[in-house]
Amino acid sequence: MIRISNIQLFVLIIVFEVGSTTLFALGIGAKQDAWIVVLLAAFIGFFLVSVYTQIAKLYPNKNFSEILNEVLGKKVAAPLLLLFALYFYSQASHNFFEFGVLIKMTALEKTPLFVILYLFIIVIMYILSLGFEVLARTCEILLPYFLVFLILIYILTLFSGQFDFSALRPVLGNGLKPILEELPSVIAFPFGEMVVFLMFWHYIDNIKSIRKTAFLAVGLSALLIMTSIVVMVSVLGPEIAANAEIPLLQTILTINIAEIITNLDSIAIFFMFIGGFYKTALHFWGFVLAITWLFRFKSTKWIMIIFGLLLPLFAYYRFPGFDYQRWIGTQMGIFNILVISILPVLLLAIMFIKKRKKSLS
């Protein structure tokens, strides 16, 4: 039986939420008020997490497929499980392609993108073949380095002479409209992506404390993301932060302390690798589990191998380029809203109705 601790759950959520998110200036369409967009999105994210965790608490020790079958029946559960699987594979390809392109742009310019993607998926498949606990343990080992490097960037930019808090003013200078326009995309990425953890709750040792663990992790993630946006806007200004392909990399390249501490772009590459790896791995494993449960396979092995080897091809031909990949992520609003919010909330409502009827009968 696969089991992970609440601490391992905590670190998985942190890396999953913060991972690649800190590379980009989320909500930058609201310019200097981007941090407000993240703050509001985080509060809605807490609501979504409360829904996801409540589903697990009402049916402890059951996986998501078993919960759907018990609550909705097999005829309704099967197409819903397939819908979730398609969402997870879509998100895996999205994160996967993004990682490959960023690594090619910054570290391996002469390496074909196909080579990067296939090397990347082979590593993911190898670790997942060792078990979900191994993935959680590797994350537990890497998180301290991840946080130290991130905080180090914040500190160094503060002392580099490029920091200008006036770039954050005026607060609400353009009113609420830009904030509200940016809000849906930031809710979906990264907070709504927590829906993938519906596939993993049955792995947790102490199911009673998953909400507390998830809330702490999401809260810390939101704080780190807001801090990253404040740093990017303060160093680059809202216009450059909005137009830079990788704002965090641009921010790091401005660090120059006494001509000694400089050229720290390797730290940004570290963030790209960690963020891309765990985002892709968790979405991909969620897909593998969903398909395995849907077709009642005894093992995840062949599903993982077949769809893992297809993932680089799917990502490569789905996204002609980096700009298109980022654009298409903004065009999947209805599908994303359906999977991350409408379906889980409806499922929880049905659960409460069934529980109430059962208690009254």
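The values are calculated or read from the model by the stated rules, or taken from the named source; none is laboratory data. Since we're looking at a predicted model, the values are computed, not measured. Please note: Cβ atoms are built from the backbone with ideal geometry, for glycine as well, and neighbour counts cover all protein chains shown.
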From the list ALA167, ALA241, ALA188, which residue is out of contact with any Phe, Trp or Tyr (no Cβ under 8 Å at 6 or more places or on another chain), of a type in the set (A, V, I, L, M, F, W, C), surrounded by fewer than 22 Cβ atoms within 10 Å (Cβ to Cβ) and over 20 Å from ILE7 (Cα atoms)?
ALA167
I need every pair where a residue in region 300-326 that is at negative phi has its Cβ under 7 Å from the Cβ of a residue that is part of a loop (DSSP other than H, G, I, E, B), sequence separation at least 6 or different chains.
ILE303/PHE297; GLN325/PHE319
Looking only at region 95-123, filter to residues that are over 15 Å from GLY321 (Cα atoms) and under 18 Å from the mean Cα position of the chain (by Cα); which one of those is surrounded by the fewest Cβ atoms within 10 Å (Cβ to Cβ)?
PHE120
Looking at TYR126 and the list (1) surrounded by fewer than 17 Cβ atoms within 10 Å (Cβ to Cβ); (2) in contact (Cβ under 8 Å) with a residue 12 or more places away in the chain; (3) of a type in the set (Phe, Trp, Tyr), which single condition is not satisfied?
(2)
What residue, of LEU113, LEU81, LEU102, is touching a residue at least 12 places away in the same chain (Cβ under 8 Å) and within 22 Å of LEU338 (Cα to Cα)?
LEU81
Give ALA56, ALA78 a once-over and let me know the one that is touching a helix residue (DSSP H, G or I) at 6+ places or on another chain (Cβ under 9 Å), surrounded by fewer than 19 Cβ atoms within 10 Å (Cβ to Cβ), farther than 30 Å from ARG169 by Cβ and not acidic (Asp, Glu).
ALA78
Flag if GLU181 is surrounded by 21 or more Cβ atoms within 10 Å (Cβ to Cβ) and part of a helix (DSSP H, G or I)
no
Contact list, first residue from region 235-246 and within 14 Å of LEU168 (Cα to Cα), second anywhere and of a type in the set (A, V, I, L, M) and crowded, with 20+ Cβ neighbours inside 10 Å, beta-carbon distance below 6 Å, six or more apart or interchain, is ALA241/ALA25; ALA241/ILE28; ALA241/MET232; ALA241/VAL233; ALA242/ILE28
Here is a list of conditions, (1) touching a Gly at 6+ places or on another chain (Cβ under 9 Å); (2) crowded, with 24+ Cβ neighbours inside 10 Å; (3) within 14 Å of GLY19 (Cα to Cα), and VAL218 meets all of them except one; can you say which number that is?
(2)
When residues of region 129-164 are filtered for being assigned to a helix (DSSP H, G or I), in contact with a helix residue (DSSP H, G or I) (Cβ under 7 Å, 6 or more places away or on another chain) and either hydrophobic (A, V, I, L, M, F, W, C) or without any contact (Cβ under 8 Å) to a residue 24 or more places away in the chain (or both), how many remain?
12
Among (1) out of contact with any helix residue (DSSP H, G or I) (no Cβ under 7 Å at 6 or more places or on another chain); (2) of a type in the set (Gly, Ala, Ser); (3) at pLDDT 90 or above - the single one ALA214 does not satisfy:
(1)
From the options PHE120, PHE114, residue that is more than 26 Å from ILE207 (Cβ to Cβ), touching a Pro at 6+ places or on another chain (Cβ under 7 Å) and of a type outside the set (Val, Ile, Thr):
PHE114
Hey, which of the helices (runs of 4 or more DSSP H) in region 1-107, taking only ones fully inside, have at least 3 residues that are of a type in the set (D, E, K, R) and either at pLDDT 95 or above or touching a Gly at 6+ places or on another chain (Cβ under 8 Å) (or both)?
none
What number goes with the only condition from (1) touching a Phe, Trp or Tyr at 6+ places or on another chain (Cβ under 8 Å); (2) surrounded by fewer than 21 Cβ atoms within 10 Å (Cβ to Cβ) that ILE210 does not pass?
(2)
